[in-house]
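See structure below.
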Amino acid sequence: MNKSSTFTALRVIITLFTVFSYSHSAAQFSDDADVYTDKVKVISVGALLGSNFCQVDGDNYAGYHKTGLNVGGIGYVRLNKDFAFSFELLYSQRGAKDNGVRYSPVDSATLITKYRINTPYAEIPLMINYFDKHKSHFGTGISYSRLLNASEQMESNTGYMVDFSRYPFRNSTLDYVVSAQMHLWKGLFFNVRFQYGITPMRSDAPEGMARAERQYNNLWSVRLMYMVR
């Protein structure tokens with residue numbers, strides 16, 4: 001993803017947050033309210049469940065064709081009536097998926113019929129969030145991810161193979177995150193999040209099988225969040 005695409009993604013998140021804020025009901029957000037009720041509470045916790053729509057920047061494919069699970073828990077620590085710090089612990093399935101048959105970049109007689117990258121992570125996002133008076137909020141921050149395992153598969157019409165074990169993915173990555181949460185009802189929120197790698201997920205991609213030596217995670221997440229206390 002180039003800089004222009006990144007700025008476009010950020011504008012989409014900000015637009016979504018603005019729409020969420022001004023289209024919601026006229027419920028009041030008191031000075032002492034926590035993230036979803038009118039009771040005084042410094043810490044709130046909840047659960048998250050949704051899907052990732054992923055691609056890997058630097059491979060030979062484009063588009064968010066890979067889907068995966070995004071599930072875990074979240075906690076908020078209120079700083080004041082407008083701001084709260086949040087932390088999450090997630091299981092996040094990422095990677096890439098082909099979007100059609102194409103010729104091999106290293107052999108014009110070979111058709112790549114299937115290509116997959118599967119990289120599940122344990123993830124800890126840390127964010128600062130701004131709340132409007134309707135409890136919807138916008139956040140930004142960084143996320144640390146630890147690779148749990150990885151697989152990379154390719155199939156071709158000629159049996160052409162690449163030893164992907166020679167090109168391992170990094171065990172740890174750091175991403176930046178922007179996120180918008182729309183308050184739906186009581187403790188229920190709808191969340192849209194964009195995430196992009198600060199550090200590469202792999203620094204030595206297979207020569208000829210990728211557009212760039214360094215590859216980065218690039219994903220959108222759509223989730224439901226329910227605050228349980």
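The values are calculated or read from the model by the stated rules, or taken from the named source; none is laboratory data. Everything quoted here is computed from the prediction, not taken from an experiment. Neighbour counts are summed over all protein chains in view; Cβ atoms, including those assigned to glycine, are modelled from backbone coordinates with ideal geometry. For the accessible areas, the whole protein counts, side chains as well, though only heavy atoms, and no ligand, DNA or RNA atoms are used. Shrake-Rupley method; radii C 1.70, N 1.55, O 1.52, S 1.80 Å.
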Task: Only listed residue being within 15 Å of ASN191 (Cβ to Cβ), among the hydrophobic types (A, V, I, L, M, F, W, C) and without any contact (Cβ under 8 Å) to a residue 60 or more places away in the chain, chosen from MET161, MET127 - done: MET127
Open item on the list: Quick check on my filter: what residues within segment 189-211 are of a type in the set (A, V, I, L, M) and either loosely packed, with under 14 Cβ neighbours inside 10 Å or at pLDDT 95 or above (or both)?
Closed with: VAL192, ILE198, MET201
Task: Only listed residue being touching a Phe, Trp or Tyr at 6+ places or on another chain (Cβ under 8 Å) and either acidic (Asp, Glu) or loosely packed, with under 13 Cβ neighbours inside 10 Å (or both), chosen from ASP163, ASP175 - done: ASP175
Open item on the list: Tell me whether segment 154-164 contains one or more residues that are at pLDDT below 95, among the acidic types (Asp, Glu) and assigned to a strand (DSSP E or B).
Closed with: yes
Task: Only one of ASN191, ASN149 that is of a type outside the set (Val, Ile, Thr) and in a loop (DSSP other than H, G, I, E, B) - done: ASN149
- [ ] May I ask you to list the residues in segment 40-82 that are touching a residue at least 40 places away in the same chain (Cβ under 8 Å), surrounded by fewer than 20 Cβ atoms within 10 Å (Cβ to Cβ) and polar (S, T, N, Q)?
- [x] SER51, ASN60
Task: Hits in segment 139-160 (condition: under 15 Å from the mean Cα position of the chain (by Cα), open to solvent by 30 Å² or more (accessible area, probe 1.4 Å) and not hydroxyl-bearing (Ser, Thr, Tyr)) - done: ILE142, ARG146
